[in-house]
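Scroll down for the structure; my scribbles are underneath it.
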Amino acid sequence: MLVFGIYLIGLGMVLLVAPNVLLEVFGMPTTKEVWIRVLGMVVGLLAGYYLLAARVELIPFMRLSVYLRAIVILFFVGFVMAEMAKPILILFGAIDLAGATWTDQALRLDKRDSASDADPA
């Protein structure tokens with residue numbers, strides 16, 4: 001959660017301050033529209049939820065984030081298949097999927113560790 005929160009801060013700042021740099025790197029059309037910066041603001045603020053969840057070990061939030069972040073790639077693949085976006089967008093979905101998988105594995109490992117601590121057989 002902490003790593004994903006830091007990633008979101010970075011992504012949000014780039015989208016807020018210099019969105020066209022990121023868009024150009026990924027071969028997407030640049031824009032002067034405010035919406036990409038609004039998205040950057042939302043992503044940056046969303047990072048706060050992830051950082052708080054990591055800090056206080058908010059397990060229900062972490063579990064929900066596994067499912068929601070895993071779904072992102074489905075949307076991005078759909079956007080690409082509908083020719084609404086270039087295939088590079090799938091990379092961002094893959095990052096979300098990798099983070100979701102990592103979080104899921106960490107939660108499963110933590111659950112096993114907690115169970116072995118409770119039962120000193």
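The values are calculated or read from the model by the stated rules, or taken from the named source; none is laboratory data. Fair warning: this is a prediction, and the values are worked out from it, not measured in the lab. Cβ: placed from backbone, ideal geometry, glycine included. Neighbour counts: every protein chain shown.
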The residue that is farthest from G5 (Cα to Cα), considering only those in region 41-68 that are aromatic (F, W, Y) and either in contact with a strand residue (DSSP E or B) (Cβ under 8 Å, 6 or more places away or on another chain) or surrounded by 12 or more Cβ atoms within 10 Å (Cβ to Cβ) (or both), is F61
Per the list (1) closer than 24 Å to E83 by Cβ; (2) in contact with a helix residue (DSSP H, G or I) (Cβ under 9 Å, 6 or more places away or on another chain); (3) not hydrophobic (A, V, I, L, M, F, W, C), residue check on R37 breaks on (1)
If we keep only residues of region 22-40 that are outside any loop (DSSP other than H, G, I, E, B) and modelled with pLDDT under 95, then the residue surrounded by the fewest Cβ atoms within 10 Å (Cβ to Cβ) is V25
**Message:** Can you find a residue that is farther than 15 Å from M1 by Cα, touching a Phe, Trp or Tyr at 6+ places or on another chain (Cβ under 8 Å) and at pLDDT below 90 anywhere in region 69-83?
**Reply:** no
Within region 1-12, residues being surrounded by fewer than 16 Cβ atoms within 10 Å (Cβ to Cβ), under 22 Å from A85 (Cβ atoms) and either in the same structural domain as V66 (by TED's automatic domain parsing) or among the aliphatic types (A, V, I, L, M) (or both) number 0
Taking region 30-57 and keeping residues within 13 Å of L107 (Cα to Cα) and free of Cβ contacts under 8 Å to residues at least 24 places away in the same chain leaves E57
